[in-house]
1. Only helical DSSP H runs with n ≥ 4 go in: add -39500 (n - 2.57) per run for the chain, normalise by residue count and round the 222 nm mean residue ellipticity to 500 deg cm²/dmol.
2. Using a simple charge model, +1 on the beta-carbon of Lys and Arg, -1 on the beta-carbon of Asp and Glu, nothing else, what dipole does the chain show about its Cα centre, in debye to the nearest 20?
3. If I require 27 Å or longer along the helix axis, counting alpha carbons, and a Kyte-Doolittle average no lower than -1.0, what helices from the chain are left? Use full DSSP H segments.
4. Looking at the stretch 81-167, which trypsin sites (Lys or Arg not before Pro) are in a loop (DSSP not H, G, I, E or B) and have at most 12 other Cβ atoms within 10 Å?
5. So what is Rg over Rh here for the stretch 23-162, counting just Cα atoms and using Kirkwood for Rh?
6. Local charge sum around ILE141 (other residues, Cβ-Cβ under 15 Å, Lys/Arg +1, Asp/Glu -1)?
7. Quick check: convex hull of the Cα atoms in the stretch 21-61, volume per residue, rounded to a whole Å³?
8. Compute the separation of the alpha-carbon centres of the stretch 55-75 and the stretch 152-167 and state it in Å as a whole number.
Amino acid sequence: MSSDNHSNKASTNMVPEAANIGLMRPPFIYLGAITLGVLLHFTWSVRFVPPAVSVPLGCITVLIAIALFLWAVREFRIANTPVPGNRPTTAIVRTGLYRCSRNPIYLSFSLLQLGIAYWVNSLWLLITLIPAVALMSFVVIPREEQYLETLFPLDYLSYKASVRRWL
């Protein structure tokens, strides 16, 4: 169930236009981490799993990441709220994956990078995932949470109290 009732919204003059405006947006963070990991991998290749399991494990993880992403996006579309964080949010989505995680898209981005790391068997791709997740956890997600708390104070605080940030 999603909340598209704005009756509990704070005054819009106190609400930012969107949660993620600027360069520190999730797709750019993960793309940067993957790019840096690939560059380091081609400079100095370091494996971290046995070669026999790297491709199967990577493929499975990438497919799970894609499935989670598509499912999460579908829930946003059903709720008629935009997916990109640089567009105004119109609803709190509480259905599907959002019953278990407040950030399944970011979880899917993390799993995608993990899957690529397994697939190409690159310790560097695994290592560069750490700062990406840290940026998400300590900068991006708190900024989004503040935006949603301001925009939907009652609905979001209730949702935040009942569903974990990642899993």
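No value in this document is a laboratory result; all are computed from the given coordinates. Owing to the predicted nature of the structure, the values given are computational and were not obtained by experimental measurement. Quick reminder, even Gly has a Cβ in these numbers, built from the backbone with ideal geometry, and neighbours come from all protein chains shown.
1. Taking each H run of at least 4 residues, the total per residue is -19500 deg cm²/dmol.
2. Dipole size: approximately 180 debye.
3. 51-78
4. Qualifying residues, ordered by number: ARG164.
5. With Rh from the inverse mean 1/r over Cα pairs, Rg/Rh is 1.03.
6. +3
7. Looking at the stretch 21-61, the number lands at 78 Å³ per residue.
8. 24
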